[in-house]
Amino acid sequence: MLSGLLHAFVDIVYPPLCLICRDRLNLRDNPTNLCEGCLQKIPKNIAPFCQKCGVSLSENLKELQLCRVCKTKSFPFDRAWSACRYTDEMTELIRLFKYKAKLMLKEIFGKILCEFIAIYHLPIGDCDCLVPIPLHPVRLREREFNQSQVLAAEIAKRYDIRVSLNNLVRIRNTKSQTKLDEKQRFKNIRGAFSLRNPKEFASKNILLIDDLFTTGATVSEAASILKNAGAKRVFVLTLARA
């Protein structure tokens with residue numbers, strides 16, 4: 001009873017608000033920190049997808065199988081998927097997750113990713129492990145967690161798959177990709193990763209996990225490292241696609 005009164009008092013003094021629209025919430029009924037309206041606004045990617053980079057194709061392009069970019073450009077990964085589109089709502093949620101440590105969002109994001117895997121029959125059963133895109137130690141100390149590792153852990157719980165940690169490492173503290181164009185992004189990330197034990201990935205199928213696919217520069221660099229170590233196939237799954 002005392003605990004209930006304390007929660008009620010805290011809710012009055014510091015009312016919980018939706019992270020997006022700031023409407024008041026009852027966290028006991030809705031522990032996600034998002035109201036139902038904002039949850040419904042999270043835009044899911046819908047098939048048909050490009051058979052390489054995973055971008056959603058318009059209906060009149062679905063017979064192409066590949067998007068216009070992938071018809072002229074080669075990525076080192078075998079295939080990529082993104083569960084959501086990078087709209088204003090998703091931009092804000094990822095910002096809160098990464099930079100404001102709103103880790104309660106991991107359950108929502110994990111559910112979105114796992115539902116996407118199930119709906120579109122991603123070959124997670126053929127993958128030997130998940131590999132989250134690593135942060136440089138300096139960035140990790142600043143943020144105190146790796147958002148890609150958190151997402152990978154949510155998928156691993158649902159699908160009982162191993163997460164490879166501390167093998168793929170970031171050896172250069174690259175500047176933020178946010179304000180760079182496509183060419184600058186690929187140049188900026190070049191040589192940023194290394195493997196401590198390349199043999200772990202030899203002849204293995206790997207699923208790379210990251211929060212956002214923009215130009216594909218980061219996951220391409222990581223995939224190249226894994227392929228050079230002898231990985232059989234490298235897939236990519238991100239929460240959102242810009």
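If you go through the stretch 207-219 and keep only what is in contact with a strand residue (DSSP E or B) (Cβ under 9 Å, 6 or more places away or on another chain), open to solvent by less than 10 Å² (accessible area, probe 1.4 Å) and not in a loop (DSSP other than H, G, I, E, B), you end up with L207, L208, I209, D211, F213, V219. Quick one: is L239 open to solvent by less than 40 Å² (accessible area, probe 1.4 Å), out of contact with any Asp or Glu (no Cβ under 9 Å at 6 or more places or on another chain) and either within 25 Å of F116 (Cα to Cα) or assigned to a strand (DSSP E or B) (or both)? So L239 fails the test. Against the test of being at pLDDT below 95 and either under 19 Å from the mean Cα position of the chain (by Cα) or farther than 24 Å from H121 by Cβ (or both), the options A222, A242 yield a single qualifying residue, A242.
Restricting K183, K199, K157 to residues that are within 20 Å of the chain's Cα centre (by Cα), loosely packed, with under 15 Cβ neighbours inside 10 Å and not in a loop (DSSP other than H, G, I, E, B) narrows the list to K157. Tell me, which residue of the stretch 64-87 that is hydrophobic (A, V, I, L, M, F, W, C) and in contact with a Gly (Cβ under 7 Å, 6 or more places away or on another chain) is surrounded by the most Cβ atoms within 10 Å (Cβ to Cβ)? Within the stretch 64-87, the match that is surrounded by the most Cβ atoms within 10 Å (Cβ to Cβ) is A80. A count restricted to the stretch 186-196 and to residues that are within 20 Å of the chain's Cα centre (by Cα) and loosely packed, with under 12 Cβ neighbours inside 10 Å stands at 0. Restricted to the stretch 30-143, the set of helices (runs of 4 or more DSSP H) holding at least 1 residues that are within 17 Å of the chain's Cα centre (by Cα) and among the small types (G, A, S) comprises 105-119. For the stretch 160-180, filtering for residues that are modelled with pLDDT of 95 or more and surrounded by 14 or more Cβ atoms within 10 Å (Cβ to Cβ) leaves 8.
The values are calculated or read from the model by the stated rules, or taken from the named source; none is laboratory data. All figures in this text were calculated on a predicted structure; none of them were measured in a lab. Virtual Cβ from ideal backbone geometry, glycine too; neighbours counted across all protein chains shown. We work out accessible area using only protein heavy atoms, side chains counted, and drop any ligands, DNA or RNA first. Shrake-Rupley method; radii C 1.70, N 1.55, O 1.52, S 1.80 Å.
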